[in-house]
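This report concerns only the one structure given below.
Read-outs throughout are calculated quantities, based only on the coordinates presented, and are distinct from any laboratory measurement. Computed from a prediction, not measured in an experiment: that's the story for all the values here. Using ideal geometry, Cβ is built from the backbone for each residue, glycine included, and neighbour counts are taken over all protein chains shown.
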2 protein chains.
Amino acid sequence: MNAPIVCDTCPVADRAVCSALSPEDRGELARIGHHRRYVRGETIIAAGDSATVCATLTRGAAKMSTIDRDGTERIVALVHPAGMLGQLFASTATLHVTALTDSEACLFPASRVAALSDARPALARRLPDEVSRELDESRALIDLISKRQAKGRVAALILAFARAASPAPCHDAESFELPLTRGEMAQLLGLTIETVSRTLTALETAGLIARRGSHGIAIRDRAALDDLAAG
Amino acid sequence: MNAPIVCDTCPVADRAVCSALSPEDRGELARIGHHRRYVRGETIIAAGDSATVCATLTRGAAKMSTIDRDGTERIVALVHPAGMLGQLFASTATLHVTALTDSEACLFPASRVAALSDARPALARRLPDEVSRELDESRALIDLISKRQAKGRVAALILAFARAASPAPCHDAESFELPLTRGEMAQLLGLTIETVSRTLTALETAGLIARRGSHGIAIRDRAALDDLAAG
DNA sequence: CGAGACCTTGATTGTCATCAATACTCGTGG
DNA sequence: CCACGAGTATTGATGACAATCAAGGTCTCG
């Protein structure tokens, strides 16, 4: 299950944190971590782990979430390839990290990354960037939830995944798979399963999107979606 | 308006980022920044500033927000004393930072903080902590918004400020001032002004809180509030 | 094939947004 | 000191939207 890290074939070598490092330093980092595959739904990092681990997602999609005492899950972040998983600077993990689709990640013990970053200024300077990128993303999530209407929230979610699904950062994917179940979308958007479902069919009948199966989405009227998402 | 920084009388010297530093290092940091007062509503950092500044709030309360192209403001973070303002690791500020009440803050040019942190490992190690604390807070904000019912959101907001208003971290303040207008609360919670107002009167008539003026709050039934906020 | 999870659709209810009017607060100037 | 006005808050009536309750459909996997 665990494999050594091979950067040469890494699809996100140019975008992930590692890109800040010289080839030698990257080799050193690669040696302290390992690479692993996950199936949809598998836990990558469990909340409560004291030996904290952080990771770079190389393929797939993941969510970070909290579980309240009453048992409801709350998604606080979505992670796409090249993004960082886990809480690098926390002493104990407070969040669950779960694979949303079949995924791959490079895992590193947080303590050893911290040690390496003390010795390698290039890494030390890059890590806070990464955290503040996470911060921006979590603010984007706030954006997502604070839309008034269900249509706006769903439209914004679709666009967010269109952006993430595209390999090129400049333009979005035309058609892609939503890696979330209706329940997860509902929870993320602060809606119910039924409302999400109804809203998707409404967007489809209005001609803004087309669906292929229960998770396949194709964007038909980009402008109209932008419009809804802006509200 | 601008004054030198005097750490000896600083009310948050034990909790702010600076607490990680030795007296000499703290002195050095103090010399590159300055201290300033703000009145309610005043802009502390404007989005778009290229010369980025970061700050530690020493008294009062502040909000960080974005302005969409359509002109609506969106609050992405609340900051309480000892908290950090601004985006330390961004090259351009993307957020407005505004004083919610009369406040005081120590301002530092971001570039010089970064330079100092290269030379002072203690600071370098503390800064990411601070950013990840911000991250946790912004996730707490997500928590706030994703409650289903208006009562729950308002209750959670009240408790958040009760926590922040208390000088001691262990227990909350019993009575305090909400430093937000109804409009700001509404916006923050994804509700309307009217709903916020109605909800507050409902909480009052139900005996969970008492009000003194339009912003004064006293907590009467802590358990019931917790209960609502959990939903 | 059957079981379970997931999704869709319908009918009804409840909550919150909207529209509208009135009151409160505070600062300014007569 | 009082009158005025702008900004802010409360309260009411109404309607739209989403939650809830309920049932049936689809997909997947053993």
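Quick notes on this one:
- Rounded to the nearest 20 debye, the dipole magnitude of the range A:147-230 is 200 debye, with +1 charges on Lys and Arg beta carbons, -1 on Asp and Glu beta carbons, and the Cα centre as origin.
- Using alpha-carbon coordinates, inclination of helix B:193-205 to the longest axis of chain B, degrees: 70 degrees
- Under the combined filter of DSSP loop state and at most 10 neighbouring Cβ atoms within 10 Å, the range A:146-222 retains none of its GluC sites (Glu not before Pro).
- Distance in nm between pseudo-label sites at A:GLU42 and B:ALA47 (7 Å out along the Cβ direction from Cα): 4.0 nm
- Environment charge of A:GLY216, counting only residues whose C-beta is closer than 15 Å and scoring Lys/Arg +1, Asp/Glu -1: +1
- Label geometry 7 Å along the beta-carbon vector: B:ALA119 inter-copy distances in nm: 2.6
- Each peptide in B:103-111, B:205-213 gets a packing score, the mean of other Cβ atoms within 10 Å over its residues, and the list from highest to lowest is B:103-111, B:205-213.
- Charge dipole (debye, nearest 20) of chain B; +1 at Cβ of Lys and Arg, -1 at Cβ of Asp and Glu: 300 debye
- Taking Cα atoms only, the orientation of helix B:150-165 departs from the longest principal axis of chain B by about 40 degrees.
- Label-point gap, in nm, between B:GLU177 and B:GLU24 - each point 7 angstrom along Cα→Cβ: 4.3 nm
- q = 0.09, 0.15, 0.19, 0.21 Å⁻¹, the range B:2-143: log10 I(q)/I(0) [Debye, one scatterer per Cα]: -0.25, -0.71, -1.17, -1.44
- Within 10 Å of the Cβ of each residue in A:122-131, the mean number of Cβ atoms contributed by other protein chains is 4.
- Listed residue (B:LEU191, B:THR66, B:SER117) projecting farthest to the positive dipole end of chain B, Cβ model: B:LEU191
- Long-range tail of P(r) for the protein assembly as shown (Cα pairs > 44 Å, %): 13 percent
- Under 10 Å, Cβ to Cβ, from B:ALA105 - net charge with Lys/Arg +1 and Asp/Glu -1: +2
- The angle separating the long axis of helix B:121-145 from the principal Cα axis of greatest extent in chain B is about 20 degrees.
- Percentage, to the nearest whole number, of Cα pairs in the range B:103-164 over 18 Å apart: 56 percent
- The trypsin sites (Lys or Arg not before Pro) found in the range B:118-151 that occupy coil by DSSP, while having at most 11 further C-beta atoms within 10 Å, are B:ARG148.
- Helix-derived mean residue ellipticity, 222 nm - over chain A, DSSP H n ≥ 4, -39500 (n - 2.57), to 500: -12500 deg cm²/dmol
- Here A:THR43 yields copy-to-copy label distances, from shortest upward, of 4.8 nm, the label point defined as 7 Å from Cα along Cα to C-beta.
- Position A:GLU194, label points 7 Å along Cα→Cβ, spacing to each other copy in nm (shortest first, one decimal): 2.5
- Rg/Rg_globular for the range A:147-230, with Rg_globular taken as 2.2 N^0.38 Å and Rg from C-alpha atoms: 0.98
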